[in-house]
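The values are calculated or read from the model by the stated rules, or taken from the named source; none is laboratory data. Every value quoted in this text rests on a predicted model; they were computed, and no experiment measured them. Cβ placement follows ideal geometry from the backbone for every residue including glycine, while neighbour counts extend to all protein chains displayed. Accessible surface is based on the protein model in full, side chains and every heavy atom, while ligands, DNA and RNA are left aside. Shrake-Rupley method; radii C 1.70, N 1.55, O 1.52, S 1.80 Å.
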Amino acid sequence: MSERALAERFNQVVLPHLGDALALARWLTGNAADAEDVVQDACIKAHAGISGYAGGNARAWLLTIVRNTSYTWMARNRPRAMMAVGDLGDLDDMAAAHGSSLPEEDGPEASLIARADTAALEAAIAALPQPFRETLVLRDINGLSYREIAAMLDVPMGTVMSRLARARGLLASELGRAP
């Protein structure tokens with residue numbers, strides 16, 4: 001494949017999903033600056049491997065590269081005891097991307113309550129054990145299918161369903177709602 005054809009394929013396969021890649025990297029690394037570094041590294045890897053891309057779900061392919069790059073990057077750049085958490089701005093960004101937003105038009109009280117709920121949800125997600133948090137983010141925030149998550153994490157689909165159910169149960173318990 002010519003360099004021009006590879007660049008065009010990269011533009012078609014990778015660029016439409018950069019927002020999702022950045023959101024996943026933010027959740028995995030815990031902050032925007034590190035996430036940008038990870039996504040840049042992932043894009044370099046995606047560009048290098050674009051000729052081997054066999055088609056299928058481009059989003060899942062890119063998010064797999066981002067996930068693997070995140071863990072490699074964190075192993076190189078962070079102490080093992082450090083815990084990753086998401087930025088509050090991630091939830092606002094994702095809500096805006098999905099056409100919903102915090103209800104500021106209902107007044108300042110409703111907006112304050114919604115922001116407090118968002119902060120509580122973010123803290124509860126951040127407190128989840130890594131395998132549960134990762135599965136929850138991939139399914140409920142990035143919208144990947146069980147099959148895509150199973151392939152991405154290299155675990156059986158039943159494990160994905162179990163982790164997701166446990167993550168949701170832990171969130172419900174943490175947020176004071178019956179599971």
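Using the heavy atoms of the protein chains and a 1.4 angstrom probe, tell me the accessible area per residue for the stretch 108-173 in square angstrom. Walk me through the numbers before you get to the answer.
On the way: 3190 Å² over 66 residues.
Value returned for the stretch 108-173: 48 Å² of accessible area per residue.
For every other residue with a beta carbon closer than 12 angstrom to the beta carbon of Thr135, add +1 if it is Lys or Arg and -1 if Asp or Glu, then tell me the sum. Don't skip to the answer; put the middle values down first.
Details: positive: Arg67, Arg133, Arg139, Arg163, Arg166, Arg168; negative: Glu134, Asp140, Glu148.
Summing Lys and Arg as +1 and Asp and Glu as -1 gives +3.
Here the stretch 1-76 has 54 percent of its accessible surface on carbon and sulfur atoms, given a 1.4 Å probe and all protein chains in place.
Give, in nm to one decimal, the length gained when the segment between Met1 and Ala116 is fully stretched (0.36 nm per residue of separation minus the Cα-Cα distance).
On the way: separation 115, 0.36 × 115 = 41.40 nm, distance 5.16 nm.
Full extension of this stretch gives 36.2 nm more.
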